[in-house]
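Since the structure comes first, as structure tokens, the remarks are kept for the end.
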Amino acid sequence: MRALILHAPGKWAWEDIQEPDGEGVLVRVQQVGICGTDYQAIRGCQPFFTYPRRLGHEISVQVLESAGDLVQGMYCAVNPYMSCADCQACKRGDTNCCYGLSVLGIHQDGAFTRLLRLPAFSLHPSTSLPPAILALVEPLVVGYHAVKRARISERDQVLVVGQGPIGLACALMANAVGADLAVMDIREDRRQSGLRLTERALAPVENPEIVVREAFDGDLPVTVIEATGNRAAVHQSYQLVAPGGTLVFVGLYVGNFEFDDPDFHRRELTLRASRNGTHDDFCAVMSLLENGTIDPSWFITDRIPFTEVPDRIKSLDGAQGCIKAMVDMNAAG
Ligand SMILES: [Zn+2]
Ligand SMILES: [Zn+2]
């Protein structure tokens, strides 16, 4: 079967590979979402990446061989985070922080091919959700986990910084728990996306504290979720948290983050990282989708047939108005 391999930044090749055998449920790949990590791998600025690699970690599949509760023909979202179940983190239930975490499409080969064999526990079937929505579950889980880490309660003042797909997922989930939400992004098109979730989509002007206080009736947000990974935005986000509040880093800034400890103490801040998500987070997001609490269908702005990925993917990287590009693995192109 054909597979699309990224051999080096910008260097794709179609290869013939063996159909998967051995353990796991045989599935056919349906839709694959493209995310920031993929664009970084293609650009060559993803620090945890090795080549060659078959991309694809935002995945929906169809079951080809029934196994237990998984019946042939069912569509499933895939949890691509393969944890060892054995290390200290896994034993405590923090499988997302597994010492040996291996993510499909990042640390091991992903979904840019026709067939996969996957562990049954990584498959989340749905009888109502279409494959394109199921392929959004993974990025939604990242947002869900960040909001869970932030311990947001109803009416809490929350600022989400960054309105790319992960920032939008955080904002969507903050809305779902009834937060008093504002969002911020440097880009006009991304603020437009944020306006679908809150009336307060702010631009980070020279002194963002002024616009943020305006948005929250003079207050600062008790929770700031940083979803850019951009150095300036990370430091700015730190300054915008109310005393006693929480800052969550869901965006990954590859570098050192320094802050003034007396100020950290004075405001008694809580700083939390948020990484990927857990099996329970996948279950929770599936429920929110199935019962209609959240509708992220508008995240999908671009659809490309699998065969056209090498030609078209570069032009989508950072493109105006593009939130999520979805690769149709069934389309011949
Ligand atoms: Zn992703
Ligand atoms: Zn582990």
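Run down the aspartates and glutamates and flag those whose C-alpha is under 20 Å from the C-alpha of Lys324, throwing out any fewer than 8 positions away in its chain. Answer for Lys324, where 20 Å is the Cα cut-off: Asp38, Glu58, Glu138, Asp185, Glu188, Asp189, Glu226, Asp295, Asp302, Glu308, Asp311, listed by chain and number. What you get for the chain, charging only the Cβ of Lys and Arg (+1) and of Asp and Glu (-1), is a dipole of about 360 debye around the Cα centre.
Across the range 141-273, C-alpha contacts under 8 Å between residues 6 or more apart give a mean separation that, scaled by the residue count, equals a relative contact order of 23 percent. When the residues His7, His235 are ordered by accessible surface, computed with a 1.4 Å probe over the protein chains alone, the sequence from largest down reads His7, His235.
Quick check on the chain: take the gyration tensor over C-alpha atoms, sort the square-rooted eigenvalues as a ≥ b ≥ c, and tell me if it's rounded (a/c under 1.5), prolate or oblate. Since a/c reaches 1.5 and a/b is larger than b/c, the shape of the chain is classed as prolate. The residue among Leu140, Asn79, Leu168 whose Cα reaches farthest toward the positive pole of the charge dipole of the chain, with charges on the beta-carbon of Lys, Arg, Asp and Glu, is Asn79.
Under 30 Å of direct C-alpha separation, and excluding same-chain neighbours fewer than eight residues apart, Lys91 reaches these lysines: Lys148.
With the other protein chains left in place, how much accessible area per residue, in square angstrom, belongs to the chain at a 1.4 angstrom probe? Intermediate values should be presented prior to the final figure.
Working: 15000 Å² over 333 residues.
Counting only protein heavy atoms, the per-residue value for the chain is 45 Å².
Label-to-label distance for Val71 and Glu214 is 5.6 nm, based on points extended 7 Å past Cα in the beta-carbon direction. Karplus couplings for the range 129-143 from phi (6.51 cos²θ - 1.76 cosθ + 1.60, θ = phi - 60°), rounded to Hz, Gly and Pro as x? Residue by residue, the range 129-143 yields 8, x, x, 5, 6, 4, 6, 8, 4, 4, x, 5, 4, 4, x Hz. Residues Glu23, Glu290, Glu58, sorted by accessible area with the largest first, give Glu23, Glu290, Glu58 [1.4 Å probe; ligands and nucleic acids excluded].
For Ile186, the solvent-accessible surface with a 1.4 Å probe is about 140 Å², rounded to the nearest 10.
Could you tell me which trypsin sites (Lys or Arg not before Pro) in the range 98-162 are loop residues by DSSP with no more than 11 other beta carbons within 10 angstrom of their beta carbon? Write out the running numbers ahead of the final one.
Values: sites: Arg114, Arg117, Lys148, Arg149, Arg151, Arg155; in loops: Arg114, Arg151, Arg155.
When the trypsin sites (Lys or Arg not before Pro) of the range 98-162 are filtered for loop state and at most 11 Cβ neighbours within 10 Å, Arg155 remain.
Solvent exposure of Ile166, expressed as accessible area, is near 50 Å², computed with a probe of 1.4 Å over the protein chains only. Close amide H contacts of Met82 (hydrogens built in the peptide plane, cut-off under 5 Å, sequence separation of 5 or more or a different chain): Ser102, Val103, Leu104.
Using the Cβ-Cβ distance between Asp86 and Cys45 with R0 set to 30 Å, the FRET efficiency works out to roughly 0.40. Once you order the gyration tensor axes a ≥ b ≥ c over the Cα atoms, which shape class does the range 141-273 get: rounded for a/c under 1.5, otherwise prolate or oblate by comparing a/b with b/c? Verdict is rounded for the range 141-273.
Using a 1.4 Å probe and counting only protein heavy atoms, arrange Thr307, Thr223 so the residue with the most accessible area comes first. Each step should come with its number before you reach the end.
On the way: Thr307 50, Thr223 5 Å².
The ordering from most to least exposed comes out as Thr307, Thr223.
Contact order for the chain, expressed relative to its length and based on alpha carbon pairs under 8 Å spaced 6+ residues apart, stands at 17 percent. Converting phi to 3J(HN,Hα) with the Karplus coefficients 6.51, -1.76 and 1.60 and the offset θ = phi - 60°, the range 212-228 yields 5, 5, 4, 5, 10, 6, x, 8, 9, x, 6, 10, 10, 10, 8, 10, 10 Hz in sequence order, with x at every glycine or proline.
For the range 277-318 versus the range 55-111, the inter-centroid distance based on Cα atoms is 16 Å. Once Lys and Arg get +1 and Asp and Glu get -1 on their Cβ, which of Gln192, Gly22, Ser66 lies farthest toward the positive end of the dipole of the chain? Selected residue: Gly22. The range 191-218 and the range 122-185 have Cα centres lying 18 Å from one another.
At 1.4 Å probe size, with the rest of the protein present, what percent of the exposed accessible area of the chain is carbon and sulfur atoms?
Working: 7050 of 15000 Å².
Exposed carbon and sulfur together represent 47 percent of the surface.
Compared with the dominant Cα axis of the chain, that is its longest principal axis, helix 279-290 is turned about 90°.
The values are calculated or read from the model by the stated rules, or taken from the named source; none is laboratory data. All values derive from a computational prediction rather than experimental measurement. When we count neighbours, we look across all protein chains shown, and the Cβ atoms used for this are built from the backbone with ideal geometry, even at glycine. The area values use the complete protein model at the heavy-atom level, side chains included, leaving out ligands, DNA and RNA. Shrake-Rupley method; radii C 1.70, N 1.55, O 1.52, S 1.80 Å.
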